[in-house]
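The values are calculated or read from the model by the stated rules, or taken from the named source; none is laboratory data. Predicted model, so just to flag it, every value in this text is computed and none were measured. Reconstructed Cβ throughout: ideal geometry from the backbone, glycine too, with neighbour counts over all protein chains shown. Keep in mind that these areas ignore ligands, DNA and RNA; they rest on the heavy atoms of the full protein, side chains included. Shrake-Rupley method; radii C 1.70, N 1.55, O 1.52, S 1.80 Å.
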Amino acid sequence: MSLVIGIPKALHYYTFIPLWERFFYELGLKVVESGATTKEIVDMGVRTAVTDACAPIKIFQGHAEWLAQRTDVVFIPRMVSFEGGYVFCPKFLGLPDMVRATIDKMPPIIDTVFDLRKRPAALLRSLVRLGRSLGAGQAKAFASAIRAIKHFKQAGWTGYLRRDSKPRPQARSSAQVTIGVVGYPYIVHDPFLSCGMVDLLESAGARVLTVEDVSAKQIRSEDKSLDKQLFWHYSNRTLKAAYYLMRHNLVDGLVHASAFSCGPDAIVGKILELDSKYEFDVPFLSVTVDEHSGRAGIMTRLEAFLDMLIRKKYAGAKQQLPELAPDGLVESRQGQRRIAGASQTALDGHDEFESSSDAMREQGRQVS
Amino acid sequence: MRITFPYMGYYSPVFSNLFRKLGHDVVPPPKPSKRTLDLGTKYAPEFACLPLKILLGTYIETLEMGADAIVSSGGVGPCRAGYYTRLQEKILRSLGYDFTMYTVEPPKGHMMQLLKTLRAFVRVPVTKLFDAIVTTCLKLWYIDEIERLCHKIRPLEVKKGTSTRLMEQAVAEIDKAESYGDVRDVGRAFIKKFNEVEVEDRDPLKVGIIGEIYVVLEPSANFEVIENLNKMGVYAHRSIFLTDWVKENAFLDALRIQPEKEIRSQAKPYLNHAVGGHGENTIGETVRYAKSGYDGVIQLVPFTCIPEIVARSILPRVSRDLGIPVMSLILDEQTGLAGVLTRLEAFVDLLARRRMQSGELPA
Ligand code: SF4
């Protein structure tokens, strides 16, 4: 009987899953993922994690415990550093230890260290070692690692994002306003944690760009805008992607989605707040989520923000769209939300709208 | 240039003196007060940790008093403290203050930058500089030595208040001493005085103090935890002293001598990787305290401090395995003295009861 490996669907899962999945597949091992975050999983996490841990950590613990009852081993790699010498948030560094110390009936944890600061081949080495520890021969482990790395490269490397909820609506004709929703992938793309922020904005007719829509090269082009780089992997990506979106005029507004009591985000958020205002003059909204944040409150704030952006954009495009009063538009937009899913139709009728956002869409395409 | 720097307990006057010797005007930072914290809380991000807020508040106060240069430490992560000066600079500028920020980066990997920073504000000949630094180091060393003694003697003193008064005198005198020899004489004299303080003959409860460095070192950031424990007749051992920390982190690291990594191996079974700040030490020290017969451990955690949260998640297991009670005190702008005292008393009670059960006489 072969080993069943559990992979928690939280934290680094969102960007690294193609690598892990492919590797275990090549080794011929069975993988079980913990699936979407549910109330049950959150409750488990809240019970075991310390109260002042951030929501993503609590949720991770929930996923890990969910797997504990269903798999032989749980894969919780110790992600130390992957790119550019940046390390992950210290909570990632201590993750396997935290899980081990707080969850009682944990099966063995595979806590392979991934620290690519020391030498570039460390990824390969770590994978091979992992493969061998799972009983594969040197040759097999090596070949699997090579194939997995290649696959990960094709999939998009650290910019990869699994969009398994549903394909992102292209929102071609309904896009009036483009909003950058920046934040860590395990917050923004976990619909439970982010209260479905991205979907919400999209179904309200906005076009959404996230950190994952900005390419690695574009992110790197912002290296020079910081005289001292942030220390953390995801924080650097978030901050620089946001800079890129603002600098190149790709968004009408910026939403920073961050977790309650997140350490690195205290810094990222403040920098974004100040720079969006003083340097880029882009409207900015900070949304803090936690494991029991109410959907309603977040929805109201996002709607108000969107309305403001629409009004602002409208004010500039008055000549082109004389017959549409801003308030009327807001009305119709809210009307549509109630019939979710059909949101695009009404706006599609407004050809004038399309023309006004053409230029923007053009720019947007370069990003996505 | 009118220099200011973060306030840090008894060390502050020594630093003021050093900068004066280097040829600068100094705006000595005032002891952090309610106003300091209020200012910091108002302008810092909500989830910044207490040390950042206190420092930001301190800078605003000193800039108002006419300082135009701030000297503070940097770092290489992963603890946030290494990025503080950048963020604080951004915030202070957005408030309209004009000043220069000097970040002293750790020598490792930043040697050039460190030298550049030093060059920018050293205005005296090298010999004088050397002299000033050596004297300062000696002062810091004596202050640490004497404070250690104070923590030991205060819980047992017969005449209450003697040690605190002696400690304050010692700091004032050491601060005044000019030359290397003077500092040494004053230091020795006070060590002698401390050893002559009349003490009760009993074995007090022993508590180890661990946690994030700023809140451990700065009494006004931790509600004078040590003094308060001492007043309850409990010996509190502080795990961090500035001189030890600088020795390990700056000098030895720069010279590539690996300081004794014993603490790391102590933490090993529970925490297998450095998590920045004092996270690893917190675990390692707890193991060490448990093994050397301490009655309990108190962890000082600034709210949202990442390394300490990692440690805090793991501590309950250490505590269970080694049978040593651990209490975490989470500190933020909403923490109140009354609450802290109540929790300290309850903890001390618990420790006393445990001692009684184990057959020894309670302290
Ligand atoms: S980066 Fe923030 S949200 Fe992510 S694990 Fe660290 S503290 Fe939590």
Can you say whether B:Ser16 is of a type in the set (Gly, Ala, Ser) and touching a strand residue (DSSP E or B) at 6+ places or on another chain (Cβ under 8 Å), as far as the supplied structure shows?
yes
Of the numbered conditions (1) under 22 Å from the mean Cα position of the chain (by Cα); (2) outside the structural domain of B:Gly276 (by TED's automatic domain parsing), B:Ile213 satisfies every one except a single condition; which is it?
(2)
Which residues, counting only those in the range B:58-84, are within 9 Å of another protein chain (Cβ to nearest Cβ) and either in contact (Cβ under 8 Å) with a residue 40 or more places away in the chain or touching a helix residue (DSSP H, G or I) at 6+ places or on another chain (Cβ under 9 Å) (or both)?
B:Gly74, B:Gly75, B:Val76, B:Gly77, B:Pro78, B:Cys79, B:Arg80, B:Tyr83, B:Tyr84
For the range A:35-48, what are the residues that are open to solvent by less than 10 Å² (accessible area, probe 1.4 Å) and within 14 Å of chain B (Cβ to nearest Cβ)?
A:Gly45
Hits in the range A:282-311 - residues which are open to solvent by less than 50 Å² (accessible area, probe 1.4 Å) and part of a loop (DSSP other than H, G, I, E, B)
A:Val282, A:Pro283, A:Asp290, A:Glu291, A:Ser293, A:Gly294
Take the range A:234-250 and flag every residue that is closer than 15 Å to A:Ser286 by Cβ and either away from chain B (no Cβ under 14 Å) or without any contact (Cβ under 8 Å) to a residue 60 or more places away in the chain (or both).
A:Thr238, A:Leu239, A:Ala242, A:Met246
Members of the range B:331-346 that are under 21 Å from B:Ser220 (Cα atoms) and open to solvent by less than 90 Å² (accessible area, probe 1.4 Å):
B:Leu331, B:Asp332, B:Glu333, B:Thr335, B:Gly336, B:Leu337, B:Ala338, B:Gly339, B:Val340, B:Leu341, B:Thr342, B:Leu344
Turns out the helices (runs of 4 or more DSSP H) fully within the range A:194-281 with at least 3 residues that are crowded, with 18+ Cβ neighbours inside 10 Å are A:197-203, A:233-247, A:263-275
Pairs under 8 Å by beta carbon, first residue without any contact (Cβ under 8 Å) to a residue 60 or more places away in the chain and within 18 Å of B:Lys176 (Cβ to Cβ) in the range B:3-31, partner assigned to a strand (DSSP E or B) and among the polar types (S, T, N, Q), six or more apart or different chains?
B:Val26/B:Thr4; B:Pro28/B:Thr4
When you scan the range B:335-357, do you find a residue that is within 25 Å of B:Leu37 (Cβ to Cβ) and touching a Cys at 6+ places or on another chain (Cβ under 9 Å), even just one?
no
I'd like the full set of residues that are in a loop (DSSP other than H, G, I, E, B) and either within 9 Å of chain B (Cβ to nearest Cβ) or without any contact (Cβ under 8 Å) to a residue 24 or more places away in the chain (or both), limited to the range A:80-95.
A:Tyr86, A:Phe88, A:Cys89, A:Gly94
Could you tell me how many of the residues in the range B:268-291 are away from chain A (no Cβ under 12 Å) and closer than 17 Å to B:Trp245 by Cβ?
4
Please state which of the following conditions A:Leu230 fails to meet, knowing it meets all the rest: (1) within 14 Å of chain B (Cβ to nearest Cβ); (2) away from the ligand (no atom under 16 Å from the Cβ).
(2)
Can you pull out the residues in the range B:43-92 that are aromatic (Phe, Trp, Tyr), open to solvent by 10 Å² or more (accessible area, probe 1.4 Å) and more than 18 Å from A:Phe231 (Cα to Cα)?
B:Tyr43
For the subset of the range B:289-321 comprising residues that are away from the ligand (no atom under 16 Å from the Cβ) and hydroxyl-bearing (Ser, Thr, Tyr), which member is surrounded by the fewest Cβ atoms within 10 Å (Cβ to Cβ)?
B:Ser292
Can you tell me which residue within the range A:255-287, out of those that are in contact with a helix residue (DSSP H, G or I) (Cβ under 7 Å, 6 or more places away or on another chain) and polar (S, T, N, Q), is farthest from the ligand (Cβ to nearest atom)?
A:Ser276
Would you check if there is a residue in the range A:64-77 being assigned by TED's automatic domain parsing to the domain that holds A:Ala121, within 11 Å of the ligand (Cβ to nearest atom) and buried (at least 24 other Cβ atoms within 10 Å of the Cβ)?
no
Pairs, please: C-beta under 6 Å, at least 6 apart or cross-chain, first residue within 8 Å of chain B (Cβ to nearest Cβ) and in the range A:262-278, second hydroxyl-bearing (Ser, Thr, Tyr)?
A:Gly263/B:Thr304; A:Pro264/A:Ser235; A:Asp265/A:Ser258; A:Ile267/B:Tyr83; A:Gly269/A:Ser258; A:Gly269/A:Ser286; A:Leu274/B:Ser94
Taking the range A:99-109 and keeping only residues that are away from chain B (no Cβ under 13 Å) and within 11 Å of A:Val74 (Cα to Cα), one is left with A:Pro107, A:Pro108
With the first residue restricted to the range A:28-42 and required to be not assigned by TED's automatic domain parsing to the domain that holds A:Gly196, and the second required to be assigned to a loop (DSSP other than H, G, I, E, B) and among the acidic types (Asp, Glu), Cβ contacts under 6 Å at 6 or more apart or on different chains are A:Thr37/A:Asp190; A:Val42/A:Glu291
Count, please, the residues in the range B:137-179 that happen to be assigned to a helix (DSSP H, G or I), modelled with pLDDT under 90 and more than 17 Å from the chain's Cα centre (by Cα).
2
